[in-house]
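Shown next, in structure tokens, is the structure this report addresses.
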Amino acid sequence: MSTETARPTAADAPATGRAAGRARVHWSLPTVLARVAVGLLLLLYAAISLYPFLWMVSAAFKDRLEVVAGGNLIPHRPTLQTLAETWSELHFFDYFLNSLKVTGLTVLLVLVIYSAAGYAFSVLRFPGRKTLYRLFMVLLFVPGVTVLLPVVLLENKLGLLGSHWGLILPFVNGSAPLSILMMTNAFDVIPGELREAARVDGAGELRIFTTIYLPLSRPVLVTIAVLTAIPTWNEYLLTRVSLNNPGTFTLPIALQNLQSGAVQHYNVLMAGALIVVIPVIILFVAAQRYFVNGLMGAVKA
């Protein structure tokens, strides 16, 4: 009978090292107190951040008198009548289609244009590449409201004012800096050997871009789509300035029209806000799995 003792293999070494590392962890009292304090501060911040949203949801299921009276977040007499009346008054589907058109075309153009731009900045070499990239990054620090008047004047001269394209094109342009930054960083981490191997097989740049780089960057593409769709869906200022035909209005304008009366009914306003924000919540929940990975993949180590 063999009495040879089993020896740990190389595969066991990392697990053994991690177990030993966990065994050697000894938290001091100041460390524990600091972690508890940080946890409590984060919980307090989360509660403060969530309270307005919870109040909105609560008010949407209250009648007018209960909203004015204040009280608990949980309605004493919950009702769906407020949501039903607001849905009818808001004409949700009429404005929903307009918002969907503006948001969908904006996201599509952003993904097509800036994924190609990211590929050019990351992979291709051309004169002025670094300077042009830096100019786009500078635009990250320019507030959008500062260019509102020039944009409106330019749209007026081009005949786009009052149309949905007068919203889509500024939204696409405003998404350029962050989208280019994320796509360039995502493409930078893809091994160049894949591109060289594809070129050896006779693939051109368009085929390499569409069959190799885009599939490997799917989480970043989804992240950019979410980061573009949410502010576009919720945009009010440029929409209010640009659109003057009720047939072209989007949901934020329809929501603002709910408070045009002399008496403000806050339960109706909150119900309208809840109806408008539900598609955004659904989008974020559906894309959450890709969203976190996309943010991590778009940032260089």
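Overview of values
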read-out	value
Residue within region 151-162 that is closer than 16 Å to P177 by Cα and of a type in the set (A, V, I, L, M) present	no
Hits in region 74-127 - residues which are over 24 Å from L216 (Cβ atoms), under 18 Å from the mean Cα position of the chain (by Cα) and among the polar types (S, T, N, Q)	S99, T103, T106
Which numbered condition T211 misses (of (1) touching a Phe, Trp or Tyr at 6+ places or on another chain (Cβ under 9 Å); (2) surrounded by fewer than 19 Cβ atoms within 10 Å (Cβ to Cβ))	(1)
Odd one out for G294 among (1) open to solvent by 40 Å² or more (accessible area, probe 1.4 Å); (2) within 23 Å of the chain's Cα centre (by Cα); (3) at pLDDT below 85	(1)
So L148, is it in contact (Cβ under 8 Å) with a residue 60 or more places away in the chain and within 29 Å of I278 (Cα to Cα)	yes
Members of region 71-90 that are within 13 Å of L258 (Cα to Cα) and open to solvent by 100 Å² or more (accessible area, probe 1.4 Å)	W87, E89
Residue among V222, V241 that is touching a Phe, Trp or Tyr at 6+ places or on another chain (Cβ under 8 Å) and at pLDDT 85 or above	V222
First in region 48-65 and in contact (Cβ under 8 Å) with a residue 12 or more places away in the chain and under 11 Å from L274 (Cβ atoms), second anywhere and part of a helix (DSSP H, G or I) and among the acidic types (D, E), Cβ under 9 Å, 6 or more apart	A59/E66
Residue ID - nearest to S99 (Cα to Cα), chosen from residues in region 190-208 that are hydrophobic (A, V, I, L, M, F, W, C) and assigned to a helix (DSSP H, G or I)	L206
Tally of residues being hydroxyl-bearing (S, T, Y) and not in a loop (DSSP other than H, G, I, E, B) across region 236-250	3
2 or more residues within 14 Å of M270 (Cβ to Cβ) and modelled with pLDDT under 80: qualifying helices (runs of 4 or more DSSP H) within region 8-101	64-69, 81-90
Any hit, region 98-108, residues being over 25 Å from L243 (Cβ atoms), of a type outside the set (V, I, T) and open to solvent by less than 90 Å² (accessible area, probe 1.4 Å)	no
Options L178, L160; residue that is free of Cβ contacts under 8 Å to residues at least 24 places away in the same chain, within 24 Å of L237 (Cα to Cα) and touching a helix residue (DSSP H, G or I) at 6+ places or on another chain (Cβ under 7 Å)	L160
H164, sole failed condition from (1) more than 19 Å from the chain's Cα centre (by Cα); (2) farther than 30 Å from P246 by Cα; (3) at pLDDT 90 or above	(2)
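The values are calculated or read from the model by the stated rules, or taken from the named source; none is laboratory data. Since the model is a prediction, treat every value here as computed from it, not as a measurement. Cβ atoms come from the backbone with ideal geometry, glycine included; neighbour counts cover every protein chain shown. Heads up: the accessible areas ignore ligands, DNA and RNA and are worked out on the full protein's heavy atoms, side chains in. Shrake-Rupley method; radii C 1.70, N 1.55, O 1.52, S 1.80 Å.
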